[in-house]
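**Student:** Pasting a structure below so you can have a look.
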Amino acid sequence: MKVSATLAIVFTAVPLAVSAAGLDMHRNDEWRSVPVDRVRLEGPLGRRIALTAANNLMKIDLERDFFKPFREKRSRGGFIGLGKLLDGAAYLARHTGFQDVVERKREIARVLADTQDADGYIGYFAPEARMRRLWDLHETGFILQGLVSDWELFGERRSLEAARRAADYVMRRWPEMEDGWEFHDITDRETTLGLAHGFIRLAAATGDMKYLDFAKNERALMDWNAPIVLGRSGMIYGQAYGFLGTALEQLELYGREANPKLLRTSFRALEHMTRRDGLLIDGTGGIAECWTDDQDGEGSVGETCLIAFQFLFYDRMLRLGQGDAAQLGDLMERLALNALPAAQSRDGRRLRYYTPLNGVRGYFYTDAYCCPNNFRRAMGRLPGYVYYEKDGAILANIFETSSARLDVGTAKVSVRCETDYPASGRIAYTLDPERPAQFAFMFRLPRWCKAPRVEVNGKAVTYPCRPGEMLSLPRIWKKGDRISIDLPMEIRCIKGRKRQSGRFTVMRGPLLYALDTRRVQKFAKEHPLDAATVLMLDPAQLEFKAGADGGRSAFCGTAIATRCTVRDYDRRIGPDCPEILLTEFADEDDTLTYFRTPYPESPLLVDDELLGTTK
């Protein structure tokens, strides 16, 4: 498949699914997701989505890495991720409309259905190992989700029927599971991660309560109320994305039942991330897949699976109207513009398992397994996080050159966003309702922006524009009405916490910047192997450079220039010191995000405005 220079998305006439008489799992939602095929992205996120479809999904060896184990069915352990692959492929195909991506999605769904056993089992495990060995139930849960996505997005009834038969197989064999079958080194929540969610989605698609009852009762979703556990207690007992995955299942159930018990773990996770040092500066967190609060930025941090589940978690909280919508949007934005693109190579082909803040970043050795496929799932769903809708309101959540077709009650509204965000903070929305309509246009004013300015049709709004809050503009909107937003961006030097104490990192607007330390080795004659440790920056000498990185990041192309010293105990950073360029965190070659400074008490060093509050 060829991708044009602009990576424009071409919409094709792929039929949407005709809704079954399913269960209403969204009756308690405040906001509706906008289907990914009704959103077109043309900025840096849109380019990354197209790269993921063309240069990653279309380049993997399906037969070797995914299909062969399903055909042979000899395994006694291990994880492939074919269900996650189908789920990501379905969303990428639906959004882009690229015909070869649609065909690839069909091929994956066809193989899953063709390799289904007569008893309903879909998988690659030998008969004696099924359901009782790692990670068969985990794989099954995401196979259910991928098949249901194929039904929801493309109306593929064969996929829905395959999902039903696979779920019925699990339910038939569930009573055979001996007491204490759960793996003791890894909690049952991790071994079955995705299973309850698959059953909930299948119940919604089919209307069959038995699937919802299984998720609710057999997986004890009403009662699960686990604490945050730091580190690998009991191997991976504190697994972060396993925790968020189960909290997400509870949120899905809350969409139907609205029992406050189902929100306890979600707010506990949000509290840990935003108030207990659980988040790293790029928006993700954890170490070796597990919760942490020490702010370690090296090695196995920034797991891609966690990134994908953070998106799913924040999105579900926002749609339910739980938590602070502006904060949730800020959290999603930081992930989308920093952690997620940093987990992918410049050309889109290679993906990471972890993305450290400090140290060399490596690529994962295979296209299979959990993180590569969760990356594809995250990219495929990104368009659904840009806009939300409900009767009487539109919410613009992520700023990107884009267009969307929205339903606001009985009115249909086309929205166009023009911006070079996040290179600058200038954003303009043009609204085209099919007829004059009364509704509120809402968007968040990011916490990092001190003095946002907003105009409607050239006139300044009279509503208070407070950073960190949602701005709602209710009026009768007419065709061609225009909202202009200016979010002035200043360079911010964010204080490090805990293990990063005494250091700082550099942000401008929502973008995080870092350094390719190879650029300073030639200056570090005294410490050629330790330049990252001795390198020092002056917070007062940072200068923004638009388009100065030579395309290194393949994202926005912005950079920040400064001077540095690599001489021990040298407080003087003057004109004779080497000049270096900090590039966007998405630059695949960056290896240093936190810097020392000779002025640790400088008033230019500020706290991360995104953290420290949870509503």
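Please treat every number below as a calculation from the coordinates, not as lab data. If you're wondering where the values come from, they're calculated on a predicted model, not measured in any experiment. Heads up, the Cβs are rebuilt from the backbone with ideal geometry, glycines too, and the neighbour counts pull from every protein chain shown.
**Student:** In nm, to one decimal, how far is the residue 172 label point from the residue 276 one, both placed 7 Å along Cα→Cβ?
**Tutor:** 4.3 nm
**Student:** Follow-up. Report the trypsin sites (Lys or Arg not before Pro) located in region 121-165 that are in a DSSP loop and have at most 13 other Cβ atoms inside 10 Å of their Cβ, or state none.
**Tutor:** Details: sites: 130, 132, 133, 157, 158, 164, 165; in loops: 130, 132, 133.
Filter output for region 121-165: empty list.
**Student:** Now, a different point. Treating only the Cβ atoms of Lys and Arg (+1) and Asp and Glu (-1) as charged, compute the dipole magnitude of the chain about its Cα centre; round to the nearest 20 debye. Numbers along the way, then the final one.
**Tutor:** Values: 87 positive and 85 negative charges, 210 e Å.
Here the chain has a charge dipole of around 1000 debye.
**Student:** What distance in nm separates the simple spin-label points at residue 570 and residue 345, each placed 7 Å from Cα in the Cβ direction?
**Tutor:** Each label point lies 7 Å from its Cα, and together they span 3.6 nm.
**Student:** Using a basic spin-label model with each label point 7 Å from the Cα along Cα→Cβ, how many nm lie between residue 486 and residue 450?
**Tutor:** It works out to 1.6 nm between the two label points.
**Student:** Are there GluC sites (Glu not before Pro) in region 396-438 that DSSP puts in a loop and that have at most 12 other Cβ atoms within 10 Å, and which ones? Spell out each step's value before the answer.
**Tutor:** Details: sites: 400, 418, 434; in loops: 400, 434.
Passing sites in region 396-438 are 434.
**Student:** Once you sort the root eigenvalues of the Cα gyration tensor of region 552-615 as a ≥ b ≥ c, which label holds: rounded (a/c under 1.5), prolate (a/b larger than b/c) or oblate (the other case)?
**Tutor:** Values: a/c = 2.45, a/b = 1.15, b/c = 2.14.
Oblate, since a/c reaches 1.5 and b/c is not below a/b.
**Student:** A further question follows. When the Karplus curve 6.51 cos²θ - 1.76 cosθ + 1.60 is applied with θ = phi - 60°, which whole-Hz ³J(HN,Hα) does each residue of region 89-105 get, with x for Gly and Pro?
**Tutor:** After applying 6.51 cos²θ - 1.76 cosθ + 1.60, I find 5, 4, 5, 5, 5, 5, 6, 6, x, 4, 5, 5, 5, 4, 5, 5, 4 Hz.
**Student:** Among 99, 533, 493, flag the residue with its Cα farthest along the positive direction of the charge dipole of the chain, charges on Cβ as +1 for Lys/Arg and -1 for Asp/Glu.
**Tutor:** Projecting each Cα onto the dipole axis, the largest value belongs to 99.
**Student:** Something else about it: Using only Cα atoms, locate the centre of region 64-134 and the centre of region 323-401, then give the distance between them in Å, rounded to an integer.
**Tutor:** Taking the Cα centre of region 323-401 as reference, the centre of region 64-134 is 23 Å away.
**Student:** Could you give the length gained on full extension between residue 579 and residue 459, defined as 0.36 nm per residue of separation minus the Cα-Cα distance, in nm? Walk me through the numbers on the way to the answer.
**Tutor:** Numbers: separation 120, 0.36 × 120 = 43.20 nm, distance 4.30 nm.
Extending this stretch completely gives an extra 38.9 nm.
**Student:** Under the Karplus relation 6.51 cos²θ - 1.76 cosθ + 1.60, θ = phi - 60°, what is the ordered set of whole-Hz ³J(HN,Hα) values for region 508-521, x standing for Gly and Pro?
**Tutor:** Karplus-based 3J(HN,Hα) across region 508-521 equals 9, x, x, 8, 9, 10, 8, 10, 7, 5, 4, 6, 10, 4 Hz.
**Student:** Turning to a different aspect of this structure: Report the full-extension gain for the segment residue 412 to residue 261: residue separation times 0.36 nm, less the Cα-Cα distance, to one decimal in nm. Display every interim value, and only then the final one.
**Tutor:** On the way: separation 151, 0.36 × 151 = 54.36 nm, distance 3.69 nm.
My answer for the length gained is 50.7 nm.
**Student:** Could you work out the helix-only [θ] at 222 nm for the chain, with each DSSP H run of four or more residues adding -39,500 (n - 2.57) and the total divided by the number of residues, to the nearest 500 deg cm²/dmol? Show your work: numbers first, answer last.
**Tutor:** Working: 15 runs with 174 residues, N = 615.
Helices in the chain give a 222 nm mean residue ellipticity of -8500 deg cm²/dmol.
**Student:** What pairs from 390/412; 450/495; 261/390; 84/105 go past 21 Å between their alpha carbons?
**Tutor:** Working: 390/412 11 Å; 450/495 18 Å; 261/390 26 Å; 84/105 12 Å.
Exceeds cut-off: 261/390.
**Student:** Please give the length that would be gained between residue 298 and residue 501 if that part of the chain were fully extended, namely 0.36 nm times their separation in residues minus their C-alpha to C-alpha distance (nm, one decimal).
**Tutor:** Details: separation 203, 0.36 × 203 = 73.08 nm, distance 1.44 nm.
Result: 71.6 nm gained on full extension.
**Student:** Any chance you could tell me what percent of the C-alpha pair distances in region 491-606 go past 22 Å?
**Tutor:** Working: 1776 of 6670 pairs.
Tail of the P(r) past 22 Å holds 27 percent of the pairs.
**Student:** Helix 370-381 sits at what angle to the longest principal axis of the chain, using alpha carbons and giving 0 to 90 degrees rounded to 10?
**Tutor:** In the chain, helix 370-381 runs at an angle near 80 degrees to the longest axis.
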